[in-house]
Amino acid sequence: MPNTPKKCYFCNDSVLLEKKDETYQLPDFFESPSWLDEYQMTHPLGTYNDIPMEVVEVNGPETLPDPYVWLPLRPALETLYPHAFNLLARAHQVLSWDKNHRFCGRCGIPTQLNGGGFEKHCPSCHLSFYPRISPSIIVLIRKGDQILLARNANFLPNVYALIAGFVEAGERLEDAVHREVYEEVGLQVKNIRYFDSQPWPFPDSLMIAFTADYAGGEIELRDGELEAAGWYNVDNFPGLPSSAISVSRKLIDSFVQSVSKH
Ligand SMILES: [Zn+2]
């Protein structure tokens, strides 16, 4: 059935998956099974692996027949990484956009979907609404064979991470790197280089990852969010975020590889 979209189901931020042995996969549903509750909304998601996909938000049921389960988005992304990560990220962001833009923010009139794309439209004042994407920078700062790691007060004990933060309105990505690094740890950086990017649907970030070199200053915790920061080399790394799906972990792994080659 090449033209019938394969369905991906969400219910309250959880994803319907099929459990096979000890692994999970997206089930092959081209027609909705009768045991699912009524739809709230359906959206096309584009084509993945040559198969057209669509996301469907349903009301339940809470308990599914074997071997199907609801898995919250975060563990679902982890278990289906990397092949279905972008699909689930898009599905979740499209559903959030639909739920959060039911009325025009300017004049309060109910919005309408415009064609099959990701555009909601106000029939009164003609304002359009698209899925929100919030760019954030994350940066690995290098000083010789050391990198800067910092600890947020909300992290689990002994877990450190890279400097990151949202891009502000009217700001270039490079300026956001300079500003975040200075605001959080009081340092200057240079040689900012693009590394990679990753959608991060909690709820709508796009992480844009950079590397940079230390250029000056002493570490100073300036904004109250961090409780510790320091220079670490591979022999004395503190605890790092455990998830292998984050671009943060990719940046650190890439640094470790570059050091071990020398
Ligand atoms: Zn309007």
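Before moving on, here are some points about what is shown:
- The stretch 95-137: Rg to Rh, with Rh as the Kirkwood radius over Cα pairs: 1.01
- Global form of the stretch 58-196, assessed from the alpha-carbon gyration tensor, a/c cut-off 1.5: oblate
- Among Gly170, Leu148, Gly186 - extreme Cα towards positive end, dipole of the stretch 144-203, charges at beta-carbon: Leu148
- One way to sum up the overall shape of the stretch 134-260 is the equivalent ellipsoid from its Cα gyration tensor, whose semi-axes run 19, 17, 16 Å, largest first.
- A simple charge model with +1 on the Cβ of Lys and Arg, -1 on the Cβ of Asp and Glu and nothing else charged puts the dipole of the chain at about 480 debye relative to its Cα centre.
- A 1.4 Å probe run over the chain, with the rest of the protein chains in place, finds 53 Å² accessible per residue.
- Charge dipole (the chain, unit charges on Cβ, about Cα centre) - positive-most of Leu226, Tyr214, Pro27: Tyr214
- J(HN,Hα) series, the stretch 25-36, from Karplus relation 6.51 cos²θ - 1.76 cosθ + 1.60, nearest Hz, glycine and proline x: 8, 6, x, 8, 9, 9, 10, 6, x, 5, 7, 7
- Count, lysine Cα pairs under 27 Å in the chain, 8 or more residues apart or across chains: 15
- Mean sequence separation of contacting Cα pairs (under 8 Å, at least six apart), scaled by the length of the chain, corresponds to a relative contact order of 15 percent.
- Bridge orientation summary for the chain: considering DSSP beta bridges with both residues in this region, about 75 percent are antiparallel.
- Length-normalised contact order for the stretch 26-121 - Cα pairs under 8 Å, 6+ apart - percent: 19 percent
- Burial order of peptide ranges 104-116, 244-256 (average beta-carbon count within 10 Å, highest first): 244-256, 104-116
- Dividing the mean sequence gap of close Cα pairs (under 8 Å, 6+ apart) by how many residues the stretch 58-167 holds gives a relative contact order of 15 percent.
- The stretch 31-106: Cα Rg divided by the 2.2 N^0.38 Å rule of thumb: 1.21
- Ranked by the mean number of other Cβ atoms within 10 Å per residue, highest first, peptides 177-183, 164-170, 62-68 order as 177-183, 164-170, 62-68.
- Local electrostatic count at Thr4 - Lys and Arg +1, Asp and Glu -1, tallied over other residues with Cβ under 13 Å: -1
- Long-range amide H partners of Ser205 with built H, under 5 Å: Ser134, Trp200
- Value at 222 nm in deg cm²/dmol, rounded to 500, when DSSP H runs of n ≥ 4 in the chain each add -39,500 (n - 2.57): -6000 deg cm²/dmol
- Summarised as an ellipsoid, the chain has semi-axes of 39, 24, 16 Å, derived from the eigenvalues of the Cα gyration tensor scaled by 5 and square-rooted, with the largest first.
- Portion, in percent, of the accessible area of the chain that falls on carbon or sulfur, probe 1.4 Å: 49 percent
- Amide H contacts of Thr111 (H built 1.01 Å from N, under 5 Å, at least 5 apart or other chain): Phe103, Cys104
- Farthest towards the positive end of the charge dipole of the chain, among the residues Ser14, Leu36, His121, is the Cα of His121, using unit charges on the Cβ of Lys, Arg, Asp and Glu.
- At the listed q of 0.13, 0.18, 0.19, 0.23 Å⁻¹, the Debye profile of the stretch 140-189, built from one uniform point per Cα, gives log10 I(q)/I(0) equal to -0.35, -0.63, -0.69, -0.92.
- When the Cα gyration tensor is reduced to axis lengths a ≥ b ≥ c, the ratio a/c is 1.5 or higher for the stretch 1-131, and with a/b above b/c it is classed as prolate.
The values are calculated or read from the model by the stated rules, or taken from the named source; none is laboratory data. Bear in mind the structure is a predicted one, so any value in this text is a computation, not a measurement. In this analysis, Cβ positions are derived from the backbone assuming ideal geometry, glycine residues included, and neighbour counts consider all displayed protein chains. What goes into the accessible areas is simple: the full protein's heavy atoms, side chains included, and nothing from ligands, DNA or RNA. Shrake-Rupley method; radii C 1.70, N 1.55, O 1.52, S 1.80 Å.
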